[in-house]
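The values are calculated or read from the model by the stated rules, or taken from the named source; none is laboratory data. Here the structure is a predicted model, which means the values were calculated and not measured. Here the Cβ positions follow ideal geometry from the backbone for every residue, glycine too, while neighbour counts run over all protein chains shown.
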Amino acid sequence: MLGFDIPARGVLTIKNAVFDFNGTLAVDGNIRPGVAERLNQLAGHIQVFVVTADTFGTVRQACRDIDCEVTVLATNPGGPEKERFVRELGAAETAAFGNGANDIPMLEAAGLGVAVLEGEGAAVGSLMAADVVVRNIIEGLDLLLKPGRLVATLRR
């Protein structure tokens, strides 16, 4: 479990992190360098989930050495399914990371929504639904791994 005491907001407790795959953890089906190591570090504190439509069919191979649970969505585009996944985990204690229009529902539902700008860019709606916007997934992961960054961003 991770806890963040955010001035004027209160304590944010994170027990789960849910990540979209393509456009968030990966570009063109390939995980960005440095991501696997950070995800494994994060998995030492919270549960890590990858939820994806798996556009390129690479998620299981790409995540084979990562301590995470991979879920390939049954529906397309998957927005409602991603939101349901976050809510079933306990939305208030879940951080969600995404970039696409189909990530908007989970970003809105999560206790912490993080929009990620990677090689695919990000849908404007995902930026509006997020609590924080980061330039890349490394910066997003470091928000959780280096708590002072998240506190500095969210304090009022």
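Among all residue pairs at least 6 apart or on different chains, which show Cβ distances below 8 Å where the first residue, located in the range 49-66, is within 17 Å of ALA96 (Cβ to Cβ) and the second is outside any loop (DSSP other than H, G, I, E, B) and among the charged types (D, E, K, R)?
Filtered contacts from the range 49-66: PHE49/GLU69; VAL50/GLU69; VAL51/GLU81; VAL51/LYS82.
Can you name the number of the only condition in (1) aliphatic (A, V, I, L, M); (2) surrounded by fewer than 18 Cβ atoms within 10 Å (Cβ to Cβ); (3) at pLDDT 95 or above; (4) under 20 Å from GLU139 (Cα atoms) that ALA92 fails?
Evaluating ALA92 over (1) aliphatic (A, V, I, L, M); (2) surrounded by fewer than 18 Cβ atoms within 10 Å (Cβ to Cβ); (3) at pLDDT 95 or above; (4) under 20 Å from GLU139 (Cα atoms) leaves (4) as the failure.
So is VAL50 farther than 20 Å from GLY119 by Cβ and assigned to a strand (DSSP E or B) or not?
Details: farther than 20 Å from GLY119 by Cβ: no; assigned to a strand (DSSP E or B): yes.
Here the answer is no, as VAL50 does not meet what is asked.
Just one of the numbered conditions (1) assigned to a strand (DSSP E or B); (2) surrounded by fewer than 18 Cβ atoms within 10 Å (Cβ to Cβ) is not true of GLY57; which one?
Here GLY57 clears every test but (1).
Scan VAL70, VAL114 and give me the residue that is more than 18 Å from VAL132 (Cβ to Cβ), part of a strand (DSSP E or B) and in contact with a helix residue (DSSP H, G or I) (Cβ under 9 Å, 6 or more places away or on another chain). Write out each step before concluding.
On the way: VAL114 fails: more than 18 Å from VAL132 (Cβ to Cβ).
Unique residue meeting the criteria: VAL70.
Within the range 106-133, can you find the residues that are out of contact with any Asp or Glu (no Cβ under 6 Å at 6 or more places or on another chain), over 16 Å from PHE21 (Cβ atoms) and crowded, with 21+ Cβ neighbours inside 10 Å?
ALA110, ALA130
Would you please list the contacts, defined by Cβ atoms under 8 Å and residues six or more apart or on different chains, that run from a residue in the range 119-137 that is in a loop (DSSP other than H, G, I, E, B) to a residue that is surrounded by fewer than 13 Cβ atoms within 10 Å (Cβ to Cβ)?
As it stands, the answer is GLY119/ASP28, since those pairs meet every condition given.
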